[in-house]
Amino acid sequence: MTEITVKTDVLENGLRLLGEPNPASKSASIGFFVKTGARDEDPQESGISHFLEHMMFKGTEKRSAMDITLELGTLGVQANAYTSEESTVFYGAVIPEYFQKFQELLSDMLRPALVQEEFDMEKKVILEEIALYQDRPHFYLFENALRDYYGGHPAGNSVLGTVESVSGITREMMVNYFKRRYLPSNIILCASGNFDWQRFKEDSQKLCGSWEKGQAGRDVTGFKPSSIQKVYYKEGLSRCHVLLMTAGPSVSDDERYAFTLLSVITGDSSGSRLYWQLIDSGIADGAGADNDEREGTGCFMLYASTGGENLDKVSEVLRKIAATPLEFSEDDLNRAKAKLISRIVKSGELPLGRLMALGNEWLYRQKKHSLKETIERIKAVSQRDIQAAVEKFGLNTWSEFRLLPEE
Amino acid sequence: MAIIEKLANDLVVIVEEIDHLESVAYNLFLRGGVVNDPEERVGASLVLAELIGRGAGELDSRALSDAFDARGISHQEASSLNRYVLRCSLLSDYLSDALELTAKMVKQPRLPQEELASIKSLLIQDIEALKDNPSRRALVELAKLYFPVPFNRPVIGELEGINATSLKDIVALKEQCFLPGGAVLSVAGKVKASRVIKEAGKVFTGWSGEGPGIPDFKGFPKPQAYHIDSNSAQLQIALIYPSAKFGDHDYYAAKVLNGILSGGMFGRLFIEVREKKGLCYSIYSRHGSTAEYGTVTVYAGTTPERAQETLDTIIEVLTGIKGTISDEELERAKANIVSALVIGEESTGARAASNASDWWTSGRVRTLDEIKEKIFNVTIEDINRHLEAYSPLNCSILTLGSRRLELPVDNKGE
């Protein structure tokens, strides 16, 4: 494996730079990782982080929305952005000769003009996006379950918001939100692939050095879940969905690796406990486990979808696995490690894959793990470590959510 | 540059060496697929593709699964419309093991009777779940109505066909399709071609015969409007019309035209429908092609009140393109296609799949440089000529949702 090192720097205004140059790569990626998302919104602002993410493509002081669109096209950038409860990320991959131009464009986009006409037009697109997700049962269940599970804690805030909340967002509210959250100390600029670190650093200073300083902060109060049972109904649905949730590690807990392996052992798409008990036997058409890490809190989930006739059977299997998280062998653990390591290496071969791993690691933990270090961390997890992690989080207060066809 | 070798049993092996990566991926394409299923058994190939993962040679279902997992080999066995595809991606140290497991699955699958019911249940649930996914459903339903028999068969199979499939059907299908003649194994990643060819020769030995051909393609119907009533928040709109097929002289013109219509965020459809009017969130067009046919599919999902305006705008964009393409627009589309190609092909999985498809469709493998050159050579005149031959006015439409839409009056077809 070529020895690749992760480099870091900080601009005077607090913007953190991170990069992993790899000259063998045929492309390069850049991303702005902003530590702001649904959890940082006031109730009347619900959906504003995501709406603002869209507005970053809608014009700056020196570029119109169309200029941005056409320039991204001309550079052949495969660009995108996403908003979660925790962060908002703007990223793209380019062929190396356009790296510098793309960095200039993306940096400019992060200072949006928020033109009123564009704002009004984009609001319509967001309302269409809300309608689109209403038709996706899996999304519908998770959105509602997270809200109810977190019971008012900001970690359960909706990313999209509602038709009412988004309709009520004004340009002025967005300007204020932007000023409050898009401060350089709350942002990481990350690059990976075939690019020059020194020039990247100098350009970052030129392009972002004048961004005004400030502290964004975040409420990271912990959360203690209680046990909830809730059923949602949706008209015309053909499948039933079941979701179990309990407390899991947060982004900064060391038990993250143990829990990641536990979710592979429990719910991976091949060879996991859920696979053998639900998919192989054909009683569910989908099943999985996940640990959803947030700042200050986190949860561990088990999920399955099935036809109405098997709903009780499927729920029973999920509950049984929830009650016996440690029922696995050393071989199960070793297979989970092999799968996870193989996936991490493959994803790391793509600059965009590496970009996401690096940016997110640094955003929450200020650690620059090389691929090799991450792999060592995974290899080191023992059965005892998973047992200790499970004991620490208890895994005994489960909530259960169902989404069923309306009768 | 790919190295191609035909083994003694006619299995074609393609290898692309990529030294700076750690992983390797391969695709094995075998003849058959849903178009080749017996008439009353549409979906039998899907059952077969699942069943070969449930044990092979001396390994039972669990031992086979564990053998892949213990080496971190991710694998997938599937049946598509016109082929079986077995994919693996892994760290290069385990290539010999992976090939051996794949060869076992195609040469000596156990095809256990006791797993049949659970596999059928999974596939039937997948068909039922389609009702909960309106955008996917719209495209499946459109293909059913638009394509000629048997190319209109749903790639997820049919309820009756899957239910009726017996183990005897599966065994017969396996005997007919899982053969080296016409099959291709495409490997890409940190490997040496000579070693791969030697390994493949070893594990695929004692295997001979030729898989079935593809049925005749009878051509597309006249433009029609289809509607399926459904209760959902959005109305799904899907349009389809014939286009250049793989290997046609205007194939690359069709690709660049699609870039102009739907590339990145600058495509005309995205700009006119979403950016200027805010009519929907999701809108795109795709140019799909095989050796037999080519099509353009346009998709949009929008709330019912705005659906007619969305459709009208889409039709305006499609019919307004001929004679209005600017040089800048052309160059932008080309740059975008090429960069997506370069960036997308950085993964070993993507390289293995592209090489396999190229061979499958045309009997040769294009280099990235060749594709780039062909794309860059496309002129506005080429695209205009292509539009003469394949007018978007010949489109058929499917709407799925609570409202039927009016097609513009000049959509009469030929």
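None of the figures in this text is laboratory data; all of them are computed from the coordinates on show. It should be emphasised that the depicted structure is a prediction, and the values quoted were computed from it without experimental measurement. Reconstructed Cβ throughout: ideal geometry from the backbone, glycine too, with neighbour counts over all protein chains shown.
If you put +1 on each Lys and Arg Cβ and -1 on each Asp and Glu Cβ, how big is the dipole of the stretch A:7-208 around its Cα centre, in Debye rounded to 20?
480 debye
Please find the FRET efficiency linking A:N80 to A:K230, where r is the Cβ-Cβ separation and R0 is fixed at 45 Å, and quote it to the nearest 0.05.
0.85
May I ask you to derive the FRET efficiency for B:V171 and A:K62 from their Cβ-Cβ distance with R0 = 60 Å, giving the value to the nearest 0.05?
Calculated transfer efficiency: 0.30.
Assuming 1.567 mPa s and 4 °C, estimate D for the stretch B:32-130 with Stokes-Einstein, Rh taken as the Kirkwood radius over Cα pairs, in µm²/s.
91 µm²/s
How many angstrom separate the Cα center of the stretch B:147-206 from the Cα center of the stretch A:322-353?
Cα centroid to Cα centroid, the span is 29 Å.
Determine ³J(HN,Hα), in whole Hz, for all residues of the stretch B:242-253 in sequence, where each value follows from phi through the Karplus function 6.51 cos²θ - 1.76 cosθ + 1.60 and θ = phi - 60°; x replaces Gly and Pro.
For the stretch B:242-253, the Karplus-derived couplings read x, 8, 5, 9, 4, x, 5, 5, 9, 4, 6, 4 Hz, x marking Gly and Pro.
At 7 Å along the Cα-to-beta-carbon direction for both B:S208 and B:E128, put a label point, then send me their distance in nm to one decimal.
If labels sit at B:S208 and B:E128, their model points lie 4.8 nm apart.
According to a simple spin-label model (label point 7 Å from Cα along Cα-to-Cβ), what is the distance in nm between A:E172 and A:E316?
6.0 nm
Under 15 Å from a label point 7 Å along Cα→Cβ of B:K322: give me every residue in the stretch B:373-407 with its amide N that close.
Only B:381-395 fall inside the zone, counting backbone N under 15 Å.
Taking 8 Å as the Cα distance limit and 6 or more residues as the minimum spacing, I'd like the relative contact order of chain A as a percentage.
Computed over chain A, the figure is 22 percent.
Test of understanding: what is the full-extension gain from B:L368 to B:F217, defined as 0.36 nm times their sequence separation minus their Cα-Cα distance?
Full extension from B:L368 to B:F217 adds 51.4 nm.
Mind listing which trypsin sites (Lys or Arg not before Pro) in the stretch A:310-407 are in a DSSP loop and have 12 or fewer other Cβ atoms within 10 Å?
Passing both the DSSP loop test and the Cβ count: A:K367.
So what's the convex hull volume per residue for the Cα atoms of the stretch A:7-208, in Å³?
131 Å³
Of A:S281, A:S204, A:P137, which is farthest along the charge dipole of chain A in the positive direction, counting Lys and Arg as +1 and Asp and Glu as -1 at C-beta?
A:S204
Under 5 Å between amide H atoms, partner at least 5 residues away or on a different chain: which partners does A:K26 have, H built in plane at 1.01 Å?
Excluding prolines and chain starts, which carry no amide H, there are no hits.
State, to one decimal in nm, how far the label point of A:R180 lies from the label point of B:K107, with both points 7 Å from Cα in the Cβ direction.
6.7 nm
Using alpha carbons only, how many degrees (0 to 90, rounded to 10) separate the axis of helix B:95-107 from the longest principal axis of chain B?
It works out to around 90 degrees.
Enumerate the residues in the stretch B:223-239 having an amide nitrogen under 11 Å from the point lying 7 Å beyond the Cα of B:L145 toward its Cβ.
B:224-229, B:237-239
Take the alpha carbon atoms of the stretch A:178-228, find their center, do the same for the stretch A:232-269, and report the distance between the two centers in whole angstrom.
Each part's Cα centre sits 28 Å from the other's.
Quick query: amide H of A:V10 versus all other amide H atoms, modeled in the peptide plane; which residues come in under 5 Å with a sequence gap of 5 or more or a different chain?
It is A:L17, by chain and number.
Name the residues whose placed amide hydrogens come within less than 5 Å of the amide hydrogen of B:S402, ignoring near sequence neighbours (fewer than 5 apart) on the same chain.
Placed amide hydrogens put B:S230, B:S232 under 5 Å from B:S402.
Report the extension gain between B:K198 and B:S402 in nm, rounded to one decimal, defined as 0.36 nm multiplied by the number of residues separating them, less their alpha carbon distance.
Contour length minus Cα-Cα distance gives 67.6 nm.
Apply the Karplus parameterisation 6.51 cos²θ - 1.76 cosθ + 1.60, with θ equal to phi minus 60°, to every residue of the stretch B:322-339 and state each ³J(HN,Hα) to the nearest whole Hz, in sequence, with x for glycine and proline.
5, x, 10, 7, 8, 4, 4, 4, 4, 5, 4, 4, 5, 4, 5, 5, 5, 5
Cα axis of helix B:307-319 to longest principal axis of chain B: angle in degrees, 0 to 90, nearest 10?
Around 90 degrees separate the two axes.
Answer with one residue from A:T260, B:I343, B:A67: the one whose Cα lies farthest towards the positive end of the charge dipole of the protein assembly as shown, charges on Cβ with Lys, Arg +1 and Asp, Glu -1.
My answer, from the dipole projection, is B:A67.
Are any of the pairs A:K58/A:K206; B:K131/B:K276; B:K6/B:K372; A:K320/B:K120; A:K101/A:K213; A:K224/A:K392 more than 21 Å apart by Cα-Cα distance, and if so, which?
Exceeds cut-off: A:K58/A:K206; B:K131/B:K276; B:K6/B:K372; A:K320/B:K120; A:K101/A:K213.
List, in the order given, every pair from B:K104/B:K192; B:K168/B:K255; A:K313/A:K346; A:K7/A:K179 whose Cα-Cα distance in the structure shown is over 32 Å.
B:K168/B:K255; A:K313/A:K346
Of all trypsin sites (Lys or Arg not before Pro) in the stretch A:47-132, which ones are in loop regions per DSSP and have a Cβ with at most 13 other Cβ atoms within 10 Å?
Those that pass, being in a loop and sparsely packed, are A:K62.
Mind checking A:234-241 for the average number of partner chain beta-carbons within 10 Å of each residue's beta-carbon?
3
Check each of the GluC sites (Glu not before Pro) in the stretch B:14-107 and keep only those in coil by DSSP with at most 14 other C-beta atoms within 10 angstrom; list them in order.
Those satisfying the criteria are B:E58.
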